[in-house]
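Written out below as structure tokens is the structure these notes cover.
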Amino acid sequence: MGIHYQEENKVFHIKAQDTSYVMQIVRDGYLLHLYWGKKVNEYRHSNHIQQVDRGFSGNPYEQRHDRTFSLDTLPQEYPQYGNTDFRKPAYQVQLENGSTVTDLRYDSHTIYKGKRALEGLPSTYVENDQEAETLEITMKDSLTGLSVVLSYTAYENFNVITRSARLINQGSESLKVLTAHSLSVDFRDADFDFLHLHGAHVKERFIEKQPLRHGIQSIESTRGASSHQHNPFIALLRKGTTEDTGEVYAFNFVYSGNFLAQAEVDQFKTTRVTMGINPFDFSWKLEQGEEFQTPEAVMVYSSSGLGEMSRTYHELYRTRLVRGTYRDKERPILVNNWEATYFDFNAEKIKDIARAGKEVGIELFVLDDGWFGKRNDDTTSLGDWFVDKEKLPEGLDQLAKQINEIDMQFGLWFEPEMISVESDLYREHPDWCLHVPGRDRSESRRQLVLDYSREDVCKEMTKRVCDILSSVPISYVKWDMNRHMTEIGSAILPADRQRETAHRYMLGLYKVMEDITSSFPDILFESCSGGGGRFDPGMLYYMPQTWTSDNTDAISRLKIQYGTSLVYPIISMGSHVSAVPNHQVNRITSMEMRGDVAMSGNLGYELDLTKLEDEEKEAVKTQVEKYKEIRKLIQFGDFYRLQSPFEGNETSWLFANKDKTEAYVFYFSVLAEPAAPLKYLKVTGIDPDKTYQVAGTDQVYGGDELSYVGLSIPAEIRGDFQSYVWHLKEV
Ligand code: DGJ
């Protein structure tokens with residue numbers, strides 16, 4: 001590990017666990033990208049750049065007479081537009097004279113042990129400085145005084161390099177940042193598939209993969225949230241990459257708002273990847289002496305397929321992104337009343353559900369939407385975070401205490417970023433929402449978005465949430481966000497800063513979440529945005545788990561959880577058993593199937609337990625008991641995907657403990673097949689040198705046999721929507 005600089009040829013060699021990343025300063029200070037991939041001990045330019053005269057690729061400034069030197073043809077680290085590179089730049093700033101050409105050249109660099117936090121932004125961290133090393137390269141534009149600090153951190157125990165950029169105005173005029181990506185990587189070829197996670201509400205993080213083609217392919221959000229529609233993650237895969245083989249270059253953005261991630265294949269079949277805050281509808285004014293810090297992007301390199309990429313993200317995020325008391329703690333099994341009652345509940349109903357939960361061994365009761373203001377449906381009261389005494393006459397405090405008395409923890413739902421037009425808060429402060437002057441305000445779910453770019457709004461909402469959290473014995477908070485932003489403008493920003501609103505909103509939100517979560521370190525926070533609309537590493541930094549989707553149907557969840565697992569740790573995925581017919585898709589599946597899917601994440605229940613037949617109650621009790629036995633392994637073990645729901649009728653995955661002495665294999669089959677072939681499942685993720693017993697049977701096999709020969713899938717698994725679990729134990 002380590003970051004080395006060779007003064008003689010001005011080469012930076014960053015080494016993470018088994019990854020090398022190499023750059024070089026050439027000519028008059030241009031910073032070129034030379035290599036990223038499997039670790040090489042010493043880089044000696046075997047892939048040296050062969051400079052050729054390319055037509056229509058001009059030659060910048062001092063190089064004007066060298067037709068072989070063009071920024072248009074060179075792989076760069078933080079490229080600019082306007083001086084011979086015609087591809088998309090990593091950044092762009094506008095000067096007071098209206099021009100947008102800048103010319104960054106190497107100025108200096110520092111290398112230090114450890115990793116600095118990004119002020120006001122979420123980021124991965126180290127617990128001691130030996131875990132990582134950081135390189136900061138300062139680039140300068142002599143005409144404007146713009147200076148850009150590029151940060152690279154390499155982790156000793158992960159194939160991870162994190163990147164961000166800080167733009168500083170050291171000149172005498174103000175600058176306007178139009179684009180400021182967190183990273184740009186120029187690959188020498190385009191022989192890749194482009195993989196990303198698209199979706200919709202109740203259909204989040206579906207995997208899509210297509211070969212790179214000439215031109216730009218991109219995913220983005222302009223919705224003010226990272227979104228259900230596109231997760232801030234892309235990966236370039238070498239052709240033929242599988243779960244276990246092939247090279248993967250992955251990029252994930254530690255941010256919860258508008259983003260852009262793109263790959264541009266140019267005329268010479270090279271590929272430029274950029275990732276950062278979406279430049280669309282964005283700008284940021286930098287007065288003299290001011291700085292703009294981009295969010296962090298986490299780059300993972302895997303030489304052994306997508307599985308290794310995912311396990312790298314899982315482990316890094318579980319241990320060095322997520323913080324607080326719950327980082328290393330098993331998560332409680334909860335029951336949430338949303339799908340049980342929606343808005344139609346009273347204290348007795350709530351206590352009945354909690355009691356029924358206790359009877360089956362559930363540990364936490366969560367009171368969802370509808371407990372405050374006059375919220376009997378979704379048209380009113382957001383912002384009025386005061387208990388509704390008509391529904392809960394004895395107050396929240398009493399209710400929580402009574403639930404605690406039956407030995408259940410109490411959790412509560414909030415949606416603190418929103419305001420209903422029909423609310424006291426809106427009547428008092430109609431200018432506290434995002435809006436633009438003179439124009440009507442579009443509603444979505446009959447609500448508007450509070451203007452978190454304003455400090456006064458953030459302070460008041462922090463206070464309202466904290467008042468409840470400090471007066472009621474609360475162990476868990478579900479932090480929801482149920483609409484996207486429109487008419488994005490702030491009443492207090494000047495005209496030339498209006499396009500800063502969406503990012504200022506994120507900074508405000510991050511500050512509010514930091515203040516609240518650090519004031520209540522023992523509360524477990526779960527983020528949510530109409531299910532999984534903000535399932536991103538930015539949120540995970542403050543809240544260690546996320547409600548994966550509003551879709552609780554077990555069959556839909558196979559794809560949703562499989563897709564989510566590409567990047568996000570299993571422990572961060574809320575997954576609940578709900579009633580049938582399912583409320584989102586009307587499908588009927590067995591309690592066993594629902595339980596097995598939900599147990600493949602952070603288990604909970606989302607139904608009226610008081611309405612279950614005795615037999616169903618027994619089944620739930622058994623599931624809860626089983627999950628308590630296995631949750632440590634599920635939540636803290638390693639995850640292997642075996643069969644993809646995107647590729648066929650069957651899905652399977654495996655959880656193994658760290659020393660691979662124990663594993664659980666979950667198998668799911670969606671539709672019954674006539675004349676079905678007999679099937680065998682190759683069980684990867686266990687140790688080929690160990691011997692395992694299939695628990696509950698006398699079958700004993702070598703790990704090699706299970707992996708290479710496969711395990712017979714019982715022919716008795718027949719019918720639609722089936723699941724089966726094997727427990728393997730080393731003997
Ligand atoms: C959307 C969430 O995803 C649901 O679980 C529920 O909390 C509702 N909001 C409540 O309005």
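The values are calculated or read from the model by the stated rules, or taken from the named source; none is laboratory data. What you see is a predicted model, and the numbers here were worked out from it, not measured in a lab. Ideal geometry is used to build each Cβ from the backbone, glycine not excepted, and the neighbour counts take in all protein chains shown. Keep in mind that these areas ignore ligands, DNA and RNA; they rest on the heavy atoms of the full protein, side chains included. Shrake-Rupley method; radii C 1.70, N 1.55, O 1.52, S 1.80 Å.
Name the long-range amide H neighbours of S182: under 5 Å, sequence gap of 5 or more, or other chain; modelled H, no Pro or chain starts.
Under 5 Å from the amide H of S182: M275, G276, I277.
Can you sort T245, T271, T73 by 1.4 Å-probe accessible area, starting with the largest? The partial results should precede the final answer.
On the way: T245 70, T271 0, T73 40 Å².
Ranked list, largest accessible area first: T245, T73, T271.
Using a cut-off of 13 Å between beta-carbons, work out the net charge of the residues near I474 (Lys and Arg +1, Asp and Glu -1, I474 not included). Display every interim value, and only then the final one.
Values: positive: K401, K478; negative: D397, D467, D522, E526.
In short, -2.
Out of the total accessible area of the stretch 304-359 (probe 1.4 Å, heavy atoms of protein only), what percent is carbon and sulfur?
Working: 820 of 1840 Å².
Roughly 44 percent of what the probe reaches on the stretch 304-359 is carbon or sulfur.
Using a 1.4 angstrom probe on the protein heavy atoms only, line up W284, W371 by accessible area, largest first.
On the way: W284 25, W371 0 Å².
Greatest to least solvent exposure: W284, W371.
How much accessible area per residue does the stretch 438-518 have, counting only protein heavy atoms and a probe of 1.4 Å, in square angstrom?
Values: 3210 Å² over 81 residues.
Averaged over the residues of the stretch 438-518, the accessible area is 40 Å².
How much length, in nm to one decimal, is gained on full extension between F56 and S142, taken as 0.36 nm per residue of separation minus their Cα-Cα distance? Walk me through the numbers before you get to the answer.
Details: separation 86, 0.36 × 86 = 30.96 nm, distance 2.66 nm.
Gain on stretching F56 to S142: 28.3 nm.
With a 1.4 Å probe and every protein chain kept in, tell me what percent of the accessible surface of the stretch 1-152 is carbon plus sulfur. Walk me through the intermediate numbers first.
Values: 3170 of 6950 Å².
Here it works out to 46 percent.
Taking the full set of protein chains and a 1.4 angstrom probe, give the accessible area of Y680 in square angstrom, rounded to the nearest 10.
For Y680, solvent-accessible area is about 140 Å².
What accessible area per residue comes out for the stretch 73-150, rounded to a whole number of Å², with a 1.4 Å probe? Intermediate values should be presented prior to the final figure.
Working: 3110 Å² over 78 residues.
Result: 40 Å² per residue.
I'd like to check one number: the per residue accessible area of the stretch 674-731, probe 1.4 Å, reported in Å² as a whole number.
Values: 3410 Å² over 58 residues.
That works out to 59 Å² per residue.
So what J values fall out for the stretch 131-145 if you push phi through Karplus, 6.51 cos²θ - 1.76 cosθ + 1.60 with θ = phi - 60°, rounded to Hz, Gly and Pro as x?
Per residue, the Karplus-derived 3J(HN,Hα) values read 6, 7, 10, 10, 10, 10, 10, 9, 10, 9, 9, 5, 6, 9, x Hz.
Measure nothing but the geometry: give the 0 to 90° angle between the long axis through the Cα atoms of 501-519 and the longest principal axis through the Cα atoms of the chain, rounded to 10°.
The answer is roughly 50 degrees.
About the Cα centre of the stretch 552-634, how large is the charge dipole given +1 on each Lys and Arg Cβ and -1 on each Asp and Glu Cβ? Please answer in debye to the nearest 20. Write out the running numbers ahead of the final one.
Numbers: 11 positive and 12 negative charges, 84 e Å.
Roughly 400 debye for the stretch 552-634.
Go through F646, F666 and list them by solvent-accessible area, largest first, probe radius 1.4 Å.
Numbers: F646 60, F666 0 Å².
Listed by decreasing accessible area, they come as F646, F666.
Residue-wise, which Karplus ³J(HN,Hα) couplings in Hz belong to the stretch 355-360, taking 6.51 cos²θ - 1.76 cosθ + 1.60, θ = phi - 60°, and x for glycine or proline?
Once θ is set to phi - 60°, the couplings for the stretch 355-360 become 4, 4, x, 4, 4, 9 Hz.
Under a point-charge model restricted to the Cβ atoms of Lys and Arg (+1) and Asp and Glu (-1), what is the dipole moment magnitude of the stretch 4-145 relative to its Cα centre, in debye to the nearest 20? Could you put the intermediate results ahead of the total?
Values: 16 positive and 21 negative charges, 86 e Å.
Roughly 420 debye, rounded to the nearest 20.
Placing +1 on the Cβ of each Lys and Arg and -1 on the Cβ of each Asp and Glu in the stretch 171-260, which of L175, A225, V248 has its Cα farthest towards the positive end of the resulting dipole?
Highest projection toward the positive end goes to A225.
Run the accessible area of the stretch 586-723 with a 1.4 Å probe and give the carbon-and-sulfur part as a rounded percent. Spell out each step's value before the answer.
Numbers: 2990 of 6390 Å².
On the stretch 586-723, the fraction of accessible area on carbon and sulfur atoms equals 47 percent.
Could you work out how much longer the chain between E455 and K511 gets when fully extended? Use 0.36 nm per residue separation minus the Cα distance between them, nm to one decimal. Present the calculation step by step, with values, prior to reporting the outcome.
Details: separation 56, 0.36 × 56 = 20.16 nm, distance 0.97 nm.
Between E455 and K511, full extension yields an extra 19.2 nm.
If you average the alpha carbon positions of the stretch 400-478 and of the stretch 35-49, how far apart do those two centres end up, in angstrom?
52 Å
Per-residue accessible area for V202 at 1.4 Å probe radius, Å² rounded to 10?
Its accessible surface works out to 50 Å², give or take rounding.
Quick one: putting +1 on the C-beta of Lys and Arg, -1 on the C-beta of Asp and Glu, what dipole do you get for the chain around its Cα centre, in Debye to the nearest 20? Each step should come with its number before you reach the end.
Working: 81 positive and 110 negative charges, 238 e Å.
Its charge dipole is roughly 1140 debye.
Between rounded, prolate and oblate, where does the stretch 397-497 land on the alpha carbon gyration tensor, with a ≥ b ≥ c its root eigenvalues, rounded for a/c under 1.5, else prolate if a/b exceeds b/c?
Working: a/c = 2.96, a/b = 2.41, b/c = 1.23.
In terms of gyration-tensor shape, prolate.
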